Amino acid sequence: MSSGSDSDDEVINRVVKRVLARAARRREEANQEAIRRPIHRRQSGERDHTEAHNRLYADYFAEDPRWGSTVFRRRFRMLRELFLSIVNGLSARYPDFQQRWDAAGKLGLSPPQKCTTAIR
């Protein structure tokens, strides 16, 4: 009986060694694939916030705007003076509505752009 248990132990050892070797191969293959796989970074689109502000200003807030007070009232559902009062109040009270520089060193959105987005 002892000779039979020795062969069972040998069989078990061989099976365990095969399983461990297979697991090591899979781990090595996964590591190699991770090395080969390129790192994808998120691409940011170029947006000209200054030009967008200039267009918004020229369209609605200039001395002689492209769109008159009727179009402004239809689009924003309020008078231009009320909108500007809201912009001034929000930018004075909340830093989120102030124009700031971002981490990339680019100037962010202006307060009228932020308020336009929030109101729409």
*Of the conditions (1) within 34 Å of the chain's Cα centre (by Cα); (2) of a type in the set (A, V, I, L, M); (3) loosely packed, with under 12 Cβ neighbours inside 10 Å, Leu20 clears all except one; give me its number.*
(1)
*Test result for Arg41, exposed (fewer than 10 other Cβ atoms within 10 Å of the Cβ) and closer than 30 Å to Ala118 by Cα*: yes
_Cβ pairs under 6 Å, 6+ apart, first in the stretch 45-58 and without any contact (Cβ under 8 Å) to a residue 40 or more places away in the chain, second assigned to a loop (DSSP other than H, G, I, E, B)_ = Ala58/Arg66
*Please specify each residue of the stretch 24-71 satisfying the condition of being aliphatic (A, V, I, L, M) and either within 30 Å of Val87 (Cβ to Cβ) or not in a loop (DSSP other than H, G, I, E, B) (or both).*
Ala24, Ala30, Ala34, Ile35, Ala52, Leu56, Ala58, Ala62, Val71
*In the stretch 77-120, how many residues are farther than 16 Å from Ala62 by Cα, part of a helix (DSSP H, G or I) and charged (D, E, K, R)?*
3
*asked:* Given the options Glu46, Glu51, name the one that is within 20 Å of the chain's Cα centre (by Cα) and surrounded by fewer than 10 Cβ atoms within 10 Å (Cβ to Cβ).
replied: Glu46
*asked:* among the basic types (Lys, Arg), exposed (fewer than 11 other Cβ atoms within 10 Å of the Cβ) and part of a loop (DSSP other than H, G, I, E, B): is that true of Arg74 in this structure?
replied: no
*So Phe97, is it within 13 Å of Cys115 (Cα to Cα) and at pLDDT below 95*: yes
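Per-residue answers, yes or no, for (1) farther than 20 Å from Glu51 by Cβ; (2) in contact with a helix residue (DSSP H, G or I) (Cβ under 8 Å, 6 or more places away or on another chain):
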position	(1), (2)
Leu79	yes, yes
Ser91	yes, yes
Pro95	yes, no
Ala103	yes, no
Leu109	no, yes
Thr116	no, yes
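The values are calculated or read from the model by the stated rules, or taken from the named source; none is laboratory data. Quick caveat, the model's predicted, so the values are computed rather than measured. No Cβ is skipped: glycine too gets one built from the backbone with ideal geometry, and neighbour counts run over all protein chains shown.
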